[in-house]
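*Asks:* My questions will all concern the structure given below.
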Amino acid sequence: MYPFHWVPAGGARHASLDSRPDGALAYPSGTGVQTLCGYRLAADNSELAWLWETCAECGAVAKRLAAASR
């Protein structure tokens, strides 16, 4: 399991190291999340938000974290 979670927020899919609420598979909409690209954004857990493009900076940091956790 990787140390980050994906979260749609601010018009893109970001990644975050913030823990999710107990038992939640995703951050509830409106939850403030610190992203790997350095922004604090409100999660949007709607169906369409998961189709947004991935934030390039979050994607790059997530790849490094994934490689380091192998």
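Rule-based calculations on the coordinates, nothing more; no lab input. These numbers were taken from a predicted model, which means no experiment stands behind them. When we count neighbours, we look across all protein chains shown, and the Cβ atoms used for this are built from the backbone with ideal geometry, even at glycine.
*Asks:* Between Tyr2 and Gln34, what is 0.36 nm times their sequence separation minus the Cα-Cα distance? Round to one decimal in nm.
*Replies:* Value of the extension gain: 9.9 nm.
*Asks:* So, one more: Once phi is turned into ³J(HN,Hα) by the Karplus curve 6.51 cos²θ - 1.76 cosθ + 1.60 with θ = phi - 60°, what whole-Hz value does each residue of segment 32-44 show in order, with x for glycine and proline?
*Replies:* Running phi through 6.51 cos²θ - 1.76 cosθ + 1.60 with θ = phi - 60° gives x, 10, 7, 8, 5, 8, x, 9, 9, 10, 8, 5, 10 Hz.
*Asks:* Taking springs between alpha-carbon atoms closer than 10 angstrom, which of Ala43, Ala24, Ala56 fluctuates most in the Gaussian network model of the chain?
*Replies:* Ala24
*Asks:* Separate question: Here are some values of P(r) over Cα pairs in 5 Å bins from 0, in percent: (1) 4, 17, 32, 28, 12, 4, 2, 1; (2) 3, 20, 30, 25, 16, 5, 0; (3) 4, 16, 22, 22, 20, 13, 4, 0. Which one was computed from this structure?
*Replies:* Label (2) holds the value from this structure.
*Asks:* Based solely on its DSSP helices, what 222 nm [θ] is calculated for the chain when runs of n ≥ 4 H residues each add -39,500 (n - 2.57) and the sum is averaged over all residues, nearest 500 deg cm²/dmol?
*Replies:* -6000 deg cm²/dmol
*Asks:* Follow-up question, since we're still on this one. 5 Å is the cut-off here: which amide hydrogens, built 1.01 Å from N in the peptide plane, fall below it relative to Arg13, excluding neighbours closer than 5 in sequence?
*Replies:* Hits under the 5 Å cutoff: Glu53, Thr54, Cys55.
*Asks:* Using modelled backbone amide H atoms (1.01 Å from N, in-plane), which distant-in-sequence or interchain residues come within less than 5 Å of Ser29's amide H?
*Replies:* Sorted by chain and number, the residues that satisfy this are Asn45.
*Asks:* How big is the charge dipole of the chain about its Cα centre, in debye rounded to the nearest 20, if each Lys and Arg gets +1 on its Cβ and each Asp and Glu gets -1 on its Cβ?
*Replies:* 300
*Asks:* If R₀ is 22 angstrom, what is the calculated FRET efficiency for the pair Leu51 and Asp18, using the beta carbon separation as r and rounding to 0.05?
*Replies:* With R0 = 22 Å, the Cβ-Cβ based efficiency is 0.50.
*Asks:* Would you kindly derive the ³J(HN,Hα) couplings of segment 3-18 from the backbone phi angles with the Karplus curve 6.51 cos²θ - 1.76 cosθ + 1.60 (θ = phi - 60°), listing them in order in whole Hz, with x for Gly and Pro?
*Replies:* x, 10, 10, 7, 8, x, 6, x, x, 8, 8, 10, 10, 9, 8, 4
*Asks:* Any idea which of Gly30, Ser69, Leu17 is furthest toward the positive side of the dipole for the chain, if Lys and Arg beta-carbons carry +1 and Asp and Glu beta-carbons -1?
*Replies:* Sorting the options by dipole projection puts first Ser69.
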